[in-house]
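Here the structure is laid out as structure tokens; the discussion comes afterwards.
The values are calculated or read from the model by the stated rules, or taken from the named source; none is laboratory data. Quantities reported herein were computed from a predicted structural model and do not represent experimental measurements. Methodologically, a virtual Cβ is constructed for each residue, glycine included, from the backbone with ideal geometry; neighbour enumeration extends over all protein chains shown. With ligands, DNA and RNA removed, areas are computed over all heavy atoms of the protein, side chains included. Shrake-Rupley method; radii C 1.70, N 1.55, O 1.52, S 1.80 Å.
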Amino acid sequence: MTAINRREWVRRVAASAGGVAVATGWPSSAHAGQANTPASPRSGYPSRPAGRVEHLFKAPGLSANGMQCTDEGIWTIDVAGSRTDTPGRCKVYLSSYDGKLLRELAPDGIGPSGIGVDADNTTIWIGSTYSREIIRADAKTGQTVEKHFTPGAGVIYRMTSDIAPRPDTYGRSVRPRPTSSERPIAAAQSAPAISTVRTSDGLGVGRGGDVGAHPGPPAPGTGAHGIQTQFGKLWVAVPPARMIYRIDPKAWTVEHMFPTVGYRPHGVGIETPHARYLWEADTNMGAFFKRDMVTGDVADSIQLPEGSPFPHGMSVWNGYIYWTDDIGGGLAPVCRVKI
């Protein structure tokens, strides 16, 4: 993946901010103000079909929703732990690349959808989606180090230009069919009719908080999804804002942002420490988008074939995009495709 030196990074950020950036270090003290946010991605971006989709192993736990690849292995985060046996906490697992479980933690986090790992592998960052927090925890013990609010948290909204979400053909093919006695007819009739198509996380748009079959905080809305660290900074995808933010975690200040391609961004991945591009996964579109981290332009995109597992948690590692589909029931596959 193309690298960018410090001087060029600073020049590009300054240019994208209309020349108002103040650059004192590499790379993230070059600040792009909110008024200078790049425009939404232009149409006509390059797109290509995915190569062979490899199913590597089933993610540990009941349901994997966030992912981060590191030299230690693959981290996944399980949303189910915060709703069942450990309310208010979640489950985090570290597995080898061949699926061997190496570590299990139970850190804070409600309905988490993202996990990032610091470069030294000592702390993890959790997108606690339904408490709308970003939590830093010890990577060995799971103990909370600090908690922060999520920029742009709120209710996911649609736009007239959005494409229709893909149907969940893969999930239907692997889930066991419920018997007639297991179908919650009354609950289904009383649940809000938000979406007629199961998409990314099965919740549809605008759901969150204390609604039927989805326990959580009473206020509506969600927060962060994918998280990726680079040079001590955080890149975070926030669906309600339809934005990807770069955050300085020491000051908890947004340094730069650009709009997402669609309304269901999920995982984000950066292949090398000096990369100038970030990969964004969109669950509803079943695609990965290579984004210029300064301008937000789409330089490339990979479209998964119909019937493939949805990309929820996603990471980029050694020339591959890795992802997992949060389908529940201990059936979440860990997949990869060559870039």
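Mind listing whichever residues of segment 268-281 are out of contact with any His (no Cβ under 7 Å at 6 or more places or on another chain) and within 27 Å of residue 79 (Cβ to Cβ)?
Within segment 268-281, 268, 269, 270, 271, 278, 279, 280 qualify.
Residue 189 fails exactly one of the following numbered conditions: (1) modelled with pLDDT of 90 or more; (2) surrounded by fewer than 19 Cβ atoms within 10 Å (Cβ to Cβ); (3) polar (S, T, N, Q). What is the number of that condition?
(1)
Got a sec? Which of 313, 296 is closer than 24 Å to residue 111 by Cβ, of a type outside the set (Asp, Glu) and open to solvent by less than 10 Å² (accessible area, probe 1.4 Å)?
Going through 313, 296 in turn, just one is closer than 24 Å to residue 111 by Cβ, of a type outside the set (Asp, Glu) and open to solvent by less than 10 Å² (accessible area, probe 1.4 Å): 313.
Output the residue which, of all residues in segment 32-48 that are modelled with pLDDT under 75 and touching a Lys or Arg at 6+ places or on another chain (Cβ under 9 Å), is least open to solvent (accessible area, probe 1.4 Å).
The selected residue is 32.
Kindly indicate which of 224, 275 is within 30 Å of residue 169 (Cα to Cα) and either among the aliphatic types (A, V, I, L, M) or free of Cβ contacts under 8 Å to residues at least 40 places away in the same chain (or both).
224
Considering segment 144-171 alone, what residues qualify as being part of a loop (DSSP other than H, G, I, E, B) and either touching a strand residue (DSSP E or B) at 6+ places or on another chain (Cβ under 6 Å) or among the basic types (Lys, Arg) (or both)?
150, 151, 152, 158, 166
What is the number of the single condition among (1) open to solvent by 50 Å² or more (accessible area, probe 1.4 Å); (2) touching a residue at least 40 places away in the same chain (Cβ under 8 Å) that residue 144 does not meet?
(2)
Quick one: would you say residue 328 is open to solvent by 10 Å² or more (accessible area, probe 1.4 Å), touching a Lys or Arg at 6+ places or on another chain (Cβ under 9 Å) and not hydrophobic (A, V, I, L, M, F, W, C)?
yes
Which residues, counting only those in segment 266-286, are open to solvent by 10 Å² or more (accessible area, probe 1.4 Å), within 15 Å of residue 234 (Cβ to Cβ) and part of a strand (DSSP E or B)?
The answer is none; no residue qualifies.
Looking only at segment 223-259, which residues are under 17 Å from residue 126 (Cβ atoms) and touching a helix residue (DSSP H, G or I) at 6+ places or on another chain (Cβ under 8 Å)?
Matches in segment 223-259: 223, 225.
So residue 234 clears everything in (1) without any contact (Cβ under 8 Å) to a residue 40 or more places away in the chain; (2) surrounded by 21 or more Cβ atoms within 10 Å (Cβ to Cβ) except one condition, right? Which one?
Just one mismatch for residue 234, condition (1).
If the requirement is being in contact (Cβ under 8 Å) with a residue 60 or more places away in the chain and touching a helix residue (DSSP H, G or I) at 6+ places or on another chain (Cβ under 7 Å), which of these qualifies: 154, 127, 114?
154
So which residues in segment 48-62 are touching a Ser or Thr at 6+ places or on another chain (Cβ under 9 Å), part of a loop (DSSP other than H, G, I, E, B) and either closer than 19 Å to residue 305 by Cα or of a type in the set (Phe, Trp, Tyr) (or both), if there are any at all?
Of everything in segment 48-62, those that are touching a Ser or Thr at 6+ places or on another chain (Cβ under 9 Å), part of a loop (DSSP other than H, G, I, E, B) and either closer than 19 Å to residue 305 by Cα or of a type in the set (Phe, Trp, Tyr) (or both) turn out to be 50, 53.
Can you tell me which residue is surrounded by the fewest Cβ atoms within 10 Å (Cβ to Cβ) among those in segment 254-265 that are assigned to a strand (DSSP E or B) and touching a residue at least 60 places away in the same chain (Cβ under 8 Å)?
That would be 259.
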